[in-house]
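Colleague: Supplied in structure tokens, the structure appears directly below.
The values are calculated or read from the model by the stated rules, or taken from the named source; none is laboratory data. This is a predicted model, so every value here is computed, not measured. Neighbour counts are summed over all protein chains in view; Cβ atoms, including those assigned to glycine, are modelled from backbone coordinates with ideal geometry. We work out accessible area using only protein heavy atoms, side chains counted, and drop any ligands, DNA or RNA first. Shrake-Rupley method; radii C 1.70, N 1.55, O 1.52, S 1.80 Å.
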Amino acid sequence: MSLPVYFAPLQGYTDSVYRRAHASLFGGVAAYYTPFVRIEKGDFRRKDLRDIAPENNVGIAVVPQAIASDPNELRRIVDAIAGCGYRRIDINLGCPFPLLARRHKGAGILPFPDEVERLLNPLKEYPDLIFSIKMRLGWESAEESLRLLPLLESAPVQQITLHTRLGRQQYKGEPDREAFARFYEACHLPLVYNGDLVTVDDLVAIEHRFPRLAGLMVGRGLLATPWLAEAYAGDDTAAGNLYGRVALLHERVSEAYKAVLQGEHQWLSRMKTFWEYLLPEADRRLKKSVSKSHNEREYGEAVRALFLSMKENV
């Protein structure tokens, strides 16, 4: 029996356009966590609210995510998300980007237990909502997450997702699974593993090593291999027409972005990002042609050549 697989939130990648297309073509994902909603210069970013709008997520299991460093800021975000009809909200204590971390947001708040406690206090005001937390092992040390654990277990939090790196590592270096194991042994809340799950064997190995896990969260692994979750779940259809479905994923994402982005330059930039992790087994020369295309015609030719090469190698 496989564990639930959650699609991790990745800024610039897993927006509502991508989520809709992926969910329409690939299975095995229990819920899609959205990139975080935040307040910037005193107000919400319109693109964040547009991304979680119910009409842009019809038929998809979505968990919106909030990031804040101040209790009142968090209240505003929770109110906005709940106002869209959501009853489950994830609090981001894991974003490693220095610009936000310096403001004690995301992983930058982890070394400061008093600030974490103040930030989470407002959650008690929402008895009808379900809250979870996505966090890192710490910013400087994995001991930071262990020090926070009693505080988290006393807060109205029903699940923790723990990424197995420190904030200062960003996405570099090896995941620290021994530090995760220490947290796992001490944690009494449902716990989800996150960090460098890129193959079915990776998911199975973590499932076997940590049998009490509540789930697995996968980000870059699913961007690279969109059928990863369904393959892990043992879906017999997972092996069918893989590259054909990836081609459809590309087509649906491309057409959706053409409808909402301004001009060829924006569209081309966004579509190049789409390929950053996708199909790492593809011919590197052909992928480079995609990234170096200068217009829609060049891009289309490069993508067609790439998919043709994948089809021939099946």
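Colleague: For Ala282, are the conditions met, namely being out of contact with any strand residue (DSSP E or B) (no Cβ under 6 Å at 6 or more places or on another chain), of a type outside the set (Phe, Trp, Tyr), within 18 Å of Gly27 (Cβ to Cβ) and open to solvent by less than 60 Å² (accessible area, probe 1.4 Å)?
Modeller: For Ala282, the condition - out of contact with any strand residue (DSSP E or B) (no Cβ under 6 Å at 6 or more places or on another chain), of a type outside the set (Phe, Trp, Tyr), within 18 Å of Gly27 (Cβ to Cβ) and open to solvent by less than 60 Å² (accessible area, probe 1.4 Å) - is not met.
Colleague: When you check Lys124 against the structure, is it within 23 Å of Asp15 (Cα to Cα) and not aliphatic (A, V, I, L, M), yes or no?
Modeller: no
Colleague: Same structure again: Being touching a Phe, Trp or Tyr at 6+ places or on another chain (Cβ under 7 Å) and either under 12 Å from Thr164 (Cα atoms) or of a type in the set (Val, Ile, Thr) (or both) is the filter; apply it to segment 181-203 and report the residue that is surrounded by the most Cβ atoms within 10 Å (Cβ to Cβ).
Modeller: Tyr193
Colleague: Anything in segment 28-77 that is of a type in the set (Phe, Trp, Tyr), open to solvent by less than 20 Å² (accessible area, probe 1.4 Å) and without any contact (Cβ under 8 Å) to a residue 40 or more places away in the chain? List them, or say none.
Modeller: Residue satisfying the conditions is Tyr32 alone.
Colleague: If you take the residues in segment 7-22 that are out of contact with any Phe, Trp or Tyr (no Cβ under 8 Å at 6 or more places or on another chain) and among the aliphatic types (A, V, I, L, M), which one is most open to solvent (accessible area, probe 1.4 Å)?
Modeller: Leu10
Colleague: Anything in segment 103-120 that is outside any helix (DSSP H, G or I) and open to solvent by 20 Å² or more (accessible area, probe 1.4 Å)? List them, or say none.
Modeller: Of everything in segment 103-120, those that are outside any helix (DSSP H, G or I) and open to solvent by 20 Å² or more (accessible area, probe 1.4 Å) turn out to be Arg103, His104, Pro111, Phe112.
Colleague: Which pairs turn up if I take residues in segment 91-106 that are free of Cβ contacts under 8 Å to residues at least 40 places away in the same chain and look for partners that are β-branched (Val, Ile, Thr) and part of a loop (DSSP other than H, G, I, E, B) with beta carbon separation below 6 Å, at least 6 apart in sequence or on another chain?
Modeller: Correct list of pairs: empty, since none qualify.
Colleague: Can I ask one more? When the residues of segment 276-314 are filtered to those that are aliphatic (A, V, I, L, M) and part of a loop (DSSP other than H, G, I, E, B), which remaining residue is farthest from Leu249 (Cα to Cα)?
Modeller: Val314
Colleague: Kindly indicate whether Leu222 is open to solvent by less than 10 Å² (accessible area, probe 1.4 Å), within 13 Å of Val29 (Cα to Cα) and not β-branched (Val, Ile, Thr).
Modeller: Criteria met by Leu222.
Colleague: Does segment 226-244 contain any residue that is modelled with pLDDT under 95, of a type in the set (S, T, N, Q), under 24 Å from Ala305 (Cα atoms) and surrounded by fewer than 16 Cβ atoms within 10 Å (Cβ to Cβ)?
Modeller: Scanning segment 226-244, I find at least one residue that is modelled with pLDDT under 95, of a type in the set (S, T, N, Q), under 24 Å from Ala305 (Cα atoms) and surrounded by fewer than 16 Cβ atoms within 10 Å (Cβ to Cβ), so the answer is yes.
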